[in-house]
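Read the structure below first, then the notes.
Please treat every number below as a calculation from the coordinates, not as lab data. The structure displayed is predicted, hence computed values, not measured ones. Ideal geometry is used to build each Cβ from the backbone, glycine not excepted, and the neighbour counts take in all protein chains shown.
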Amino acid sequence: MKLLIVDDSNLIRTRIASVVEATQMKGISIVGLARNGREAVRIARVSRPDVVTMDLTMPEMDGVETIRELMRMPDPPNILVVSALNDKSTAITALRMGARGFINKPFTDDELRLALLDVCNPN
Amino acid sequence: MATLTEDDLRLFVDAVKHYLKATSGQEPEITSAFLGDANVTGHEFNGIVSFMGGYSGQILVSMPQGMLRELLVLQHERNFTESNLLDAVGEVANTLAGNARKVFGPELDISVPTRLRGAQGITARVRERPYVITFRWNRHPALVCVDLERR
């Protein structure tokens with residue numbers, strides 16, 4: 001299963017990657033790290049990730065617009081939103097647009113791991 | 001413009017506690033919360049997020065280098081360059097601002113973070129009467145400055 005990590009913070013990108021690698025989440029390989037939505041769409045078109053972790057507040061192209069673009073792709077990825085925006089309407093908007101899960105910042109390693117497992121195994 | 005209520009400000013105090021508890025397992029000690037003036041003196045690394053929409057203003061997070069290095073270690077990061085320390089303090093500001101939407105709602109529009117190095121970095125940014133929350137985490141002093149008004 002191919003994972004793309006999208007966040008404008010290097011700290012968060014590295015943290016998500018290290019949680020995936022440190023816990024040896026079975027079958028997940030990281031295919032890209034993107035700093036904004038434009039990079040994410042460009043990488044996704046080439047690498048065709050199965051799962052994407054998606055920040056919402058980003059420069060150039062925000063997470064909502066990026067989800068919209070990714071959902072237009074054939075076989076769109078399963079998207080886990082990882083955002084500090086913790087109001088209900090933001091979560092509902094992201095889910096309506098096609099995201100499969102939502103986790104708030106700040107998060108613990110266990111919370112992230114569980115949320116990723118849920119999105120990787122939606123059934 | 002209308003000023004914030006005590007409950008509004010408690011939200012930010014709770015958000016600081018929650019952030020550090022979730023990322024480090026250790027809550028900070030809140031050392032003071034007061035209505036400051038335009039001469040707020042911060043620490044070396046500063047993250048700023050601006051508010052728009054139904055509100056105007058900003059939240060500023062100011063932390064010393066030692067605190068940020070310890071927070072990075074706890075988040076599996078071994079890169080302690082200036083760029084990464086600034087990224088980290090910007091992410092704290094982004095998280096505190098984003099968490100405020102739980103109470104203020106989606107009309108609280110927030111910017112991507114701006115990062116500044118230098119203890120005087122926030123002095124030029126605050127308006128006349130900001131709310132200041134000071135705290136101590138793992139021996140390190142730090143502060144959050146909430147400069148926010150309802151339109």
For labels at residue B:21 and residue A:92 in the simple 7 Å Cα→Cβ model, what's the distance in nm?
2.8
Cleavage-rule hits (trypsin sites (Lys or Arg not before Pro)) in segment B:76-148: DSSP loop, at most 12 neighbouring Cβ within 10 angstrom:
B:78, B:139
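Taking all pairs of different Cα atoms in segment B:6-150, averaging 1/r and flipping that mean, what Kirkwood radius in angstroms comes out?
Radius from the Kirkwood sum: 14.9 Å.
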Per DSSP helix of 4 or more residues, -39500 (n - 2.57); summed, then divided by the residues of chain A. What does that give at 222 nm, rounded to the nearest 500?
-13000 deg cm²/dmol
Of all trypsin sites (Lys or Arg not before Pro) in segment A:48-123, the ones in DSSP coil with at most 13 other Cβ atoms within 10 Å are A:72
Defining a contact as two alpha carbons under 8 Å apart and six or more residues distant in sequence, what relative contact order in percent does chain B show?
40
Give the residue from A:97, A:77, A:67 lying farthest towards the positive end of the charge dipole for segment A:47-123; charges sit on Cβ (+1 for Lys and Arg, -1 for Asp and Glu) and the dipole is referred to the Cα centre.
A:97
Starting from 0.36 nm per residue, how many nanometres of slack lie between residue B:69 and residue B:52 once their C-alpha separation is accounted for?
3.0 nm
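Can you list the equivalent-ellipsoid semi-axes of segment B:58-130, largest first and in whole Å, using the square root of 5 times each Cα gyration tensor eigenvalue? Kindly include the intermediate steps, with their values, before the conclusion.
Details: eigenvalues 109, 58, 17 Å².
For segment B:58-130, the ellipsoid semi-axes come out as 23, 17, 9 Å.
Counting other Cβ atoms within 10 Å, keep those with at most 12, restrict to DSSP loop, and tell me which GluC sites (Glu not before Pro) in segment B:43-150 are left. Don't jump to the answer; show the numbers that get you there.
Values: sites: B:44, B:70, B:77, B:82, B:91, B:107, B:128, B:149; in loops: B:44, B:77, B:107, B:128.
Answer by residue number: B:128.
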Using only Cα atoms, figure out Rg for chain A and give it as a multiple of 2.2 N^0.38 Å.
0.93
Reachable lysines, given that their alpha-carbon falls under 20 Å from the alpha-carbon of residue B:21 and they are not under 8 places away in the same chain
A:105, B:102
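Which value results when the Cα radius of gyration for the protein assembly as shown is divided by 2.2 N^0.38 Å? Working shown, then result.
Details: Rg = 18.4 Å, N = 274, 2.2 N^0.38 = 18.6 Å.
Against the compact-globule rule of thumb, the ratio is 0.99.
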Would you mind ranking A:66, B:134, B:41 so that the residue whose beta carbon has the fewest other beta carbons within 10 Å leads the list?
B:41, B:134, A:66
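So, with +1 on the Cβ of K and R and -1 on the Cβ of D and E, and no other charges, what is the size of the charge dipole of segment B:1-108 about its Cα centre, to the nearest 20 debye?
Details: 7 positive and 14 negative charges, 44 e Å.
Value, rounded to 20: 200 debye.
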Dipole magnitude of segment A:2-120, debye to nearest 20 (Cβ charges: Lys/Arg +1, Asp/Glu -1, about Cα centre)
300
Cβ neighbours within 10 Å from other chains - mean over B:77-86
2
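Dipole size in debye (nearest 20) for the protein assembly as shown around its Cα centre, Lys and Arg Cβ +1, Asp and Glu Cβ -1?
Numbers: 32 positive and 34 negative charges, 93 e Å.
That gives a dipole near 440 debye.
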